[in-house]
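Remarks on the structure that follows.
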Amino acid sequence: MTKCKKVFSNPFFILILAVYSTWILQACHNKINKKSKYYNNSFGEEKEKAIGQLSILSKKINNTYLDSTVLLENFMSGQQNSIRQLVKKGDKLIFQYSELNCDVCVDSALIHFKEFALKHDKRRSMIIAASSNRRYMANFIRENKLRNLDVYLVNIVDFRRLYAYDLGMPFIYTTNNSLQISNAFVPAKEFPDISQVYYSGVVNKLFVK
């Protein structure tokens, strides 16, 4: 016991222990930094890859044309109109989705769209939903507080006729009386900051005079 006390009270031993402890802490710190850098790089690469894939989908639908013969039903009034009648006055921002799409994807994408539409001229924004279930749509509109926005219904068959391609996920675009799809954007729920950049661009380009 006396020998142990002498060893632990030896200044040289204490110095070695302090140096060794510092070395261990530095090694752990370096390892953590290395892992953190790896995860940050991995996240960055994953985000870049996702953006690339979404960009490909957007380009696929961009510059295609809507089918003017498809009729859309206003959910609140029940009135039917062709898409051409609904977009005949200037550019319109449209959020489209199908009840077959991922619920989380739709809800996530809708947050930014609703915020944008209510902040600016809501008459220049509309939602097209592919659904034949009116009870589902009533719940959807109530839960997402969409009563102040124009929501139009179309059945799944006509929905697929309306667009040149079925992307299988919600997307946003602008169009006018030419019925050409422009500024197509497929949002990703994992990267909401990309949506913010998109809406800022649309605001500056079309809606802020």
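Extent along the principal axes, Cα only, for the stretch 64-207: 34, 32, 28 Å, with the longest axis given first. Packing here is the average count of other Cβ atoms within 10 Å per residue, and on that basis the peptides 88-95, 125-132, 158-165, 59-66, highest first, run 125-132, 88-95, 158-165, 59-66. Database remark: amide H of residue 64 closer than 5 angstrom to the amide H of 181 (H placed geometrically; neighbours at sequence offset of 5 or more, or on other chains; Pro and chain starts carry no H).
Each reported figure results from applying straightforward, stated rules to the coordinates on display, with no laboratory input. From a predicted model like this one, the values you see are computed outputs, not experimental measurements. Cβ atoms come from the backbone with ideal geometry, glycine included; neighbour counts cover every protein chain shown.
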